[in-house]
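As structure tokens, the structure follows; a few thoughts come after it.
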Amino acid sequence: MDDIGPEGQAALLDSAVLVVGAGGLGSPVIQYLAAAGLGQLGIADPDIVERSNLQRQTIHGSADIGRRKVESAAEFVGELNADITVNRHELRVTAEVVTDLIADYDVVVDASDNFPTRFLLNDACVLADKPLSHGAVYRFEGQATTFTGGQPCYRCLFPEAPPEGSVPNCATAGVLGAVPGTVGAIQATEVVKLLVGHGKTLEERFLIYESADMTMETVPLETRPDCPVCGTGGLESLSEATYAEDCAVPE
């Protein structure tokens, strides 16, 4: 593609991206970033592959059931593009490890499935001035946006997490398998555009995808002056926030 060219391909080869979550969203992100010729790919996930995962987590197969997802994902990448360096982070992302974890990566991808991790990645990326690609899915719906490490951020959308149990996860509510494929492909596209410096990302826009009636719209995303993280007098350290229950930043 002339829009990317040798310079863009070299930029991809010189880049490092961390994908947090090797499940439904992480699968297409990992696959397309590997195929694009990324130089270094970090994969963080503490879980093992289960049979119920396979309808949406397409980088894993029946033979991988019971294996660590980071191992299965790394093997998939190696078979697709052996020139990529894969960093396996078999861990749960917590406030104690996240700062060191993201330090050596150019872009972070939130392909997680829970609110504590989403808020933690947002806060850590704002403090570190790291771009963050966010995606989430639920039944027939998906959403995506890109934060560039400054304003606005995820907490401008959602200052705190919803009450525990009020939003079912994919394991209990289900999700159409192709929906995370679509949203994850959008996230991978956003990452590539960031790394090669081409096009307009979803920065300051929130994309909503509804597969049931096949509609997609974007709404403006504005900075909240009173945002507890990126607003005036915002978060200075992750120790100021809690990443359990409401994931709040105390005033």
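Here is the size of the stretch 97-247 from its Cα atoms: Rg then Dmax, 15.1, 43 Å. When a/c reaches 1.5 or more, the comparison of a/b and b/c decides; with that in mind, is the stretch 1-101 rounded, prolate or oblate per its Cα gyration tensor? It comes out oblate by the Cα gyration axes. Helix content alone sets the calculated 222 nm mean residue ellipticity of the chain: runs of n ≥ 4 DSSP H residues at -39500 (n - 2.57) each, divided across all residues, give -9000 deg cm²/dmol. Applying 0.36 nm per residue to the separation of Ser62 and Glu222 and subtracting their alpha-carbon distance, the gain on full extension is 53.2 nm. The amide H of Leu202, built 1.01 Å from its N in the peptide plane, has Thr146 as neighbours under 5 Å, considering only residues 5 or more places off or on other chains. So, in nm, how far is label Met214 from label Arg139 when the simple model puts each one 7 Å beyond its Cα toward the Cβ? Between Met214 and Arg139, the simple spin-label model gives 2.1 nm.
Under a 5 Å amide H cut-off, with hydrogens placed 1.01 Å from N, Val109 pairs with Leu18, Val19, Val20, Ser133 among residues at least 5 apart or on other chains. Contact order for the chain, expressed relative to its length and based on alpha carbon pairs under 8 Å spaced 6+ residues apart, stands at 21 percent. The phi-based Karplus calculation (6.51 cos²θ - 1.76 cosθ + 1.60; θ = phi - 60°) puts the 3J(HN,Hα) values of the stretch 10-23 at 5, 5, 5, 5, 8, 10, 10, 10, 9, 10, 9, x, 10, x Hz, whole numbers, x for Gly and Pro.
So, with +1 on the Cβ of K and R and -1 on the Cβ of D and E, and no other charges, what is the size of the charge dipole of the stretch 5-240 about its Cα centre, to the nearest 20 debye?
Dipole about the Cα centre, nearest 20: 440 debye.
Among Ser239, Ser27, the ranking by other beta carbons within 10 Å of each residue's beta carbon, starting with the fewest, stands as Ser239, Ser27. Across the stretch 89-100, rounded Karplus estimates of 3J(HN,Hα) from the backbone phi angles (6.51 cos²θ - 1.76 cosθ + 1.60, θ = phi - 60°) give 10, 7, 7, 8, 6, 10, 5, 6, 10, 5, 4, 5 Hz, Gly and Pro being marked x.
A short reminder: the numbers here are calculations on the coordinates, not readings from a lab. None of these values were measured; they are calculated from a predicted model. When we count neighbours, we look across all protein chains shown, and the Cβ atoms used for this are built from the backbone with ideal geometry, even at glycine.
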